[in-house]
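Here the structure is laid out as structure tokens; the discussion comes afterwards.
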Amino acid sequence: MNERHHPNWPPQVPLHLTLPETNIFYNAEVSAARFPNKPFIVFYDTPVTFGEFKDETERIAGFLQQECQVKAGDRVLLYMQNSPQWIIAYYGILRANAVVVPVNPMNMSGELAHYVEDSEATTIIAPQCLFANVEPLIGKGAGKAIEHVIVATYSDYLKRPSPIPVPEFVAAPRKTFNIPGVIPWREVLERHIAPGPLTTGPDDLCVMPYTSGTTGKPKGCMHTHRSVMSTLLGGCVWFSAPPDGVYLSILPFFHVTGMQGGMNSAVFSGATIIVLPRWDREAAALCMQRYRVTAWQSITAMMVDFLSNPKLGEYDLSSLTGARGGGAAMPDAIARKLKSLTGLDYVEGYGMSETIAGTHINPPHRPKPQCLGIPVFDVDSRVIDPVTLQELPQGETGEIIVNAPQVMQGYWRNPKATEEAFIELDGKRFLRTGDLGHIDEDGYFFMTDRLKRMINASGYKVWPAEVEALMYRHPAIHEVCVIGVKDTRRGETVKALVVPAAAHAGTITEQEIIDWAHDQMASYKAPRIVEFVTSLPKSGSGKILWRKLQEEDAARTAAASESNSSTGSTGGASS
């Protein structure tokens, strides 16, 4: 294991982290016993104490076991925005000895159907505003498998007036659904069904976030209670998180960074979390001031938008003691602006769904800009030649690989993909990240490129193969290639190069394809740009040369930008 980074290790933080031999729900039991009357969740001024939180998780668990027939190891889908119900449902599923399958609430019915089929889940917990996407999957028959739906109403947890603007979908009153197998969240709690014994151990499955890749279908990353414990506890220790910390939890909980840093770590430490369902820079600043937020985890796009708020100077942000995140390198100008405003460095980290969040984090006392950080507790990370698999010396670019306690067991029901994701080196099992990077003289890791085909749009990973598979459902599309293009706001955005089917050539427009795509898939995946082409370049084996198309598009954009800049400077000089 490389130890070059050890001199830069955070002071007073041990190199090794001994993990508790417990399941994750035990953390909720401990905090509820220690701090029964302390607010755990604050949702638009309505608090949920640790004692209330534990009580409601047990009621959810009892209903899942007795009424939904959820057994130990069964998968249960969790499909909603950040809310008290998301957190209570997550721990309720764990208390039922089951496995949480978090689903991005931006996914539509067609995408959701894959999670249902692949995970073999028969129960889903979803909000009323997304019920229309769930309803086609209820019952038996082709494309149907859901037998039980617990429908949450966000406004059930709006019990006090709040100066923070409440979105309409959150404030909406409870609806009635007279469909067999569908029951309101409030009625589940009113049943007061006690759960059976808690039997899961540290090596049982805990949560299964899905990720895609070079193939079109998302794959479930199998994480045990032990691997989840690794990064939630690691974050607490790395950042010296006290019980009296106040977190702004605005990163999506379905994503491993928000799940671990914005929720699970707080359950362990006994901190209070301020929950917002969607990004809103005004609401974020108001929450920081009103609740004296101490820590905020964000993605680059959030920070850029937050710091561009012309009214930001009107808010008191003095309670903030930490700002951190990842997803994409933070531009130096934005990091400097944050430092000037708050005195804080933006601490970047690196992780994947396959590692249930961070494997590399910058030391808070010595961060480097646009840097992945250093390997954290018990992480052996190296850089190898992606072809020969030989380890490369310091400074040379290769594929980043990781051996660590937070690495997944493998992909659910996909042994081939699991085999391809791992290699053995020096008797250890290493995950191939698919990211290219190098290590500097201080042991810090930097990303330079991607080995795998992926687009990073506002911190969301978009897998072109998945988008292409969905786009081929349109009858006017003969061939399609999805690429990533630079975008000033999103970092990257999605572009589709489309060869129209002969029967539709001249009758379908690019905008019609864009509009259709937005109706078929999560908005962050849907192409923002569509360009019709007569053909797509292919290799000798018939594979579309996506990288060639992406490089050509980038070159055209760069040339156009240079031309515009040149024209602009000439015009300025003559005026």
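Listed by first and then second residue, the pairs with beta-carbon distance under 7 Å, at least 6 apart or on different chains, first residue in segment 399-426 and more than 27 Å from I439 (Cβ to Cβ) and surrounded by fewer than 16 Cβ atoms within 10 Å (Cβ to Cβ), second at pLDDT 95 or above and acidic (D, E), are R413/D118.
Do we have any residue at all in segment 2-15 that's surrounded by fewer than 18 Cβ atoms within 10 Å (Cβ to Cβ) and under 25 Å from the mean Cα position of the chain (by Cα)? There is no residue in segment 2-15 that is surrounded by fewer than 18 Cβ atoms within 10 Å (Cβ to Cβ) and under 25 Å from the mean Cα position of the chain (by Cα). Picking from residues in segment 525-561 that are within 30 Å of the chain's Cα centre (by Cα) and among the small types (G, A, S), the one that is nearest to A476 (Cα to Cα) is A526.
Please tell me if T418 is within 25 Å of P367 (Cβ to Cβ) and of a type in the set (S, T, Y). Answer is no for this residue.
Based on what the data block shows, is P173 in contact with a Ser or Thr (Cβ under 7 Å, 6 or more places away or on another chain), more than 30 Å from T22 (Cα to Cα), surrounded by fewer than 14 Cβ atoms within 10 Å (Cβ to Cβ) and in the same structural domain as V99 (by TED's automatic domain parsing)? Considered against the rule, which asks whether it is in contact with a Ser or Thr (Cβ under 7 Å, 6 or more places away or on another chain), more than 30 Å from T22 (Cα to Cα), surrounded by fewer than 14 Cβ atoms within 10 Å (Cβ to Cβ) and in the same structural domain as V99 (by TED's automatic domain parsing), P173 comes out as yes.
Residues of segment 431-446 that are in contact with a Phe, Trp or Tyr (Cβ under 8 Å, 6 or more places away or on another chain) and closer than 18 Å to R4 by Cβ: G437, H438, I439, D440, F445.
Being outside any strand (DSSP E or B), among the hydrophobic types (A, V, I, L, M, F, W, C) and assigned by TED's automatic domain parsing to the domain that holds L536: is that true of I483 here? Explain how you work it out, then say what you get.
Numbers: outside any strand (DSSP E or B): no; among the hydrophobic types (A, V, I, L, M, F, W, C): yes; assigned by TED's automatic domain parsing to the domain that holds L536: yes.
No; evaluated as a whole, the condition is false for this residue.
Looking across segment 140-159, the residues that are at pLDDT 95 or above and of a type outside the set (A, V, I, L, M) come down to E147, H148, T153, Y154, S155, D156, Y157, K159.
Filtered by the rule that a residue be aromatic (F, W, Y) and surrounded by fewer than 16 Cβ atoms within 10 Å (Cβ to Cβ), segment 427-459 gives no residues.
Residues in segment 218-225 include none that are under 30 Å from R292 (Cα atoms) and either among the basic types (K, R) or not assigned by TED's automatic domain parsing to the domain that holds S119 (or both).
The values are calculated or read from the model by the stated rules, or taken from the named source; none is laboratory data. What you are looking at is a predicted structure, and each value in this text was computed from that prediction instead of being measured. A quick note on method: Cβ atoms are made from the backbone with ideal geometry, for glycine too, and the neighbour counts reach across all protein chains shown.
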